[in-house]
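Okay, structure first, notes after.
The values are calculated or read from the model by the stated rules, or taken from the named source; none is laboratory data. Keep in mind that this is a model prediction, so the values were computed, not measured. Because the Cβ atoms are built from the backbone with ideal geometry, glycine has one as well, and the counts that use them run over all protein chains shown. Just so you know, the surface numbers come from the protein's heavy atoms only, side chains and all, with ligands and any DNA or RNA stripped out. Shrake-Rupley method; radii C 1.70, N 1.55, O 1.52, S 1.80 Å.
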Amino acid sequence: MSRLLVCPPDYFQIDYEINPWMRRTNAVDPARAVGQWHALMDVLVHDVGAGIEQIRPVQGLPDMVFTANAGVVVGRRALVS
């Protein structure tokens with residue numbers, strides 16, 4: 001793992017339900033989410049050695065914390081999910 005695109009969970013919340021596991025009643029604890037995110041970043045940078053590319057979160061877009069169109073690039077080849 002060399003570089004990862006990440007987005008802090010500043011505005012993460014469950015605004016809608018699109019599957020059985022997503023319940024609006026399962027409210028996000030913002031302070032806990034931010035703490036967990038920082039702990040994960042610490043492990044990725046210091047223990048795994050990953051480079052972090054961070055994008056700024058945008059209010060009103062709570063799903064930015066999730067990767068869309070993820071892929072792995074090795075040399076001149078890309079494998080998309």
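What the table below lists for this structure:
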item: Residues located in the range 53-70, provided they are open to solvent by less than 50 Å² (accessible area, probe 1.4 Å) and free of Cβ contacts under 8 Å to residues at least 40 places away in the same chain; result: Ala70
item: Residues (more than 15 Å from the chain's Cα centre (by Cα) and under 14 Å from Asp63 (Cβ atoms)) located in the range 1-23; result: Asp15, Tyr16, Glu17, Ile18, Asn19, Met22
item: Long-range neighbours under 7 Å by Cβ, at least six apart or interchain, first residue in a helix (DSSP H, G or I) within the range 26-52, second of a type in the set (A, V, I, L, M, F, W, C) and surrounded by fewer than 10 Cβ atoms within 10 Å (Cβ to Cβ); result: Val48/Met1
item: Filter pass, His46 being over 14 Å from the mean Cα position of the chain (by Cα), closer than 30 Å to Gly75 by Cα and not aliphatic (A, V, I, L, M); result: yes
item: Residue list for the range 38-63, restricted to those being over 15 Å from Ser2 (Cβ atoms) and in contact with a helix residue (DSSP H, G or I) (Cβ under 8 Å, 6 or more places away or on another chain); result: Ile55, Pro57, Val58
